[in-house]
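The structure appears right after this line, and notes come after that.
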Amino acid sequence: MTTLSSRLEPLFERTRTVCFGRFLIQVPSTAVVVYGPAEVETPIRYFEGQSDKVAEHLSARLAEIENERQLLLKTDIPRLPLFGKVIDGVKPGQKIVFGSKDRVGYAVHSFIPVGKDLFVQYIDSVPPDEEIASTFNAIASHLRPRAQDEIPAEPGSCIEGGFIPLEKEYERATVGIRLQEFPDVHISVDVHKNQESLADRSSPSLLREQAKQAAEGDGLGAVFARAKILRQGALQLEGWKGEEMALVTPAYKDDKAVHEFRFHSAGAVRDSLQPEIDIRLDSGVKDNRKANVNPSITDEEALALWDKLIRTIRVRRPSDATPTTVATRQTPIGSVARTGEICPQTGWWECTESKSTDRSAKRLLRAGEPVPHAQLDSKSRLWQRFFGERQRHMPAAWKLVGYDDQNV
């Protein structure tokens, strides 16, 4: 690691920990943290202090749907019977609305009031026969508010203003770091949970572009050939094996000579703790335009800052939890957890499955343990015995009806 200069040392005398997705990064206490796109199964947006504006957001979406209706053909309407419909979600005040942006499937939005804030989860193309409301309800029933400096103890995804203690098929988290002392320096981190295969991006795109255009020998190729490579090659970062590139791109027309650093790792398949990761540092940024001004840091300072920040990125552990999190976190009453998921809250849970003998009974389930199956009722067991089946339990949804210190 490069030594911090006398200008950079004061930045790290006081730091704070930022939670994004399932990860942490240590940043200067004066840094501004900007959350970017987040996804837990589908994209989800945060509207601070707007829990009382569900009706306004819903009205705006319904107006868009009326415009979408004009694009539908007569043959589309029978295939999309939910078009224009609004249904209640599992969470109090939650609304789910169906439109269509492509005439092929539904565009579905879920408006979720949580405390004083509003979260909007959405997806733009859902086949008509796919059950999406249950996916939205599962997220909504677990979503809870999160203070900016709160580090949760249990597994799950930190998003702007919220926390979702679930493991889902697809997750994405992005975060940007802005330094007040060096406002032209922008750092960003983007993590995607891989699906069945890894992304075909084994080396930084800028390095490939530089090599490609330098080989052309003229035009932009000649410009990129003058790039100053400060460092490049394989790098092990926490659990990621990837490629690092740190270069100074040359001045070209109105663009200044600036720093462009990148670390990329493809991660692992279906591993929420080792997703694809893309980290970038850009200097010379102004008005969201790269190479707009001369960098406020030197090459050595850029490398030192880069090393200092990226090496603090790691998986969040229970021991990282803020004391207030342990003392005050509670899953809202009415939240739903399903068999096989991790119970998010110690408390009294009631089975919602009508075929279960647990239908009217309540069980004390403990946080961190798997949500159990439900006991089948006698009628269900009768036909199973007739057909020679031995199953006595079934997957079920359980609703939180009280905390462990309450009589319910």
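Express the relative contact order of the stretch 70-197 as a whole percentage, based on alpha carbon pairs under 8 Å and six or more residues apart in sequence.
Values: 197 pairs, mean separation 17.4, N = 128.
Reported relative contact order: 14 percent.
Isolated cysteines of the chain, defined as having no other cysteine beta carbon under 4.7 Å away, are 343, 351. Normalised by 2.2 N^0.38 Å, where N is the number of residues, the C-alpha radius of gyration of the stretch 9-63 stands at 1.67. Take each uninterrupted DSSP H stretch in the chain, measure its Cα extent along the helix axis, and return the ones at 15 Å or beyond whose mean Kyte-Doolittle hydropathy is at least 0.0. Passing helices, by number: 299-310.
Before rounding to the nearest 500, sum -39500 (n - 2.57) across all DSSP H runs of length at least 4 in the chain and divide by the residue total; then give [θ] at 222 nm in deg cm²/dmol.
-5500 deg cm²/dmol
Note on residue 270 and residue 319: their simple-model spin labels are 3.1 nm apart, each label 7 Å out from Cα toward Cβ.
For the stretch 56-199, the gyration tensor built on C-alpha atoms gives a prolate shape. Its axis ratio a/c (a ≥ b ≥ c) is at least 1.5, and a/b is the larger of a/b and b/c. Listed values for the stretch 276-284 are Karplus-derived 3J(HN,Hα) couplings in whole Hz (6.51 cos²θ - 1.76 cosθ + 1.60, θ = phi - 60°), namely 5, 10, 9, 10, 9, 10, 10, 10, x, and x replaces Gly and Pro. Can you tell me the FRET efficiency between residue 15 and residue 197 if r is taken as the Cβ-Cβ distance and R0 is 51 Å, rounded to the nearest 0.05? Once the sixth-power term is evaluated, E becomes 0.90. Sparsely packed loop sites in the stretch 2-35 (the trypsin sites (Lys or Arg not before Pro) outside DSSP H, G, I, E and B with at most 15 other Cβ atoms within 10 Å) comprise 7, 14. Note on residue 55/residue 238: beta-carbon distance plugged into 1/(1 + (r/R0)^6) with R0 of 30 Å gives a FRET efficiency of 0.10. For the stretch 1-126, averaging the sequence separation of C-alpha pairs within contact (under 8 Å, six or more residues apart) and dividing by the residue count gives a relative contact order of 23 percent.
Please state the relative contact order of the stretch 71-141 as a whole percent: Cα pairs under 8 Å, 6+ residues apart?
Details: 118 pairs, mean separation 18.0, N = 71.
The value is 25 percent.
Relative protection proxy for 80-93, 114-127, 150-163, from highest mean packing down: 150-163, 114-127, 80-93 (other beta-carbon atoms within 10 angstrom).
Bear in mind these aren't lab numbers, they're just calculated from the coordinates by the rules spelled out. Quick caveat, the model's predicted, so the values are computed rather than measured. For neighbour counting, all protein chains shown are included, and Cβ atoms are generated from backbone atoms with ideal geometry for every residue, glycine included.
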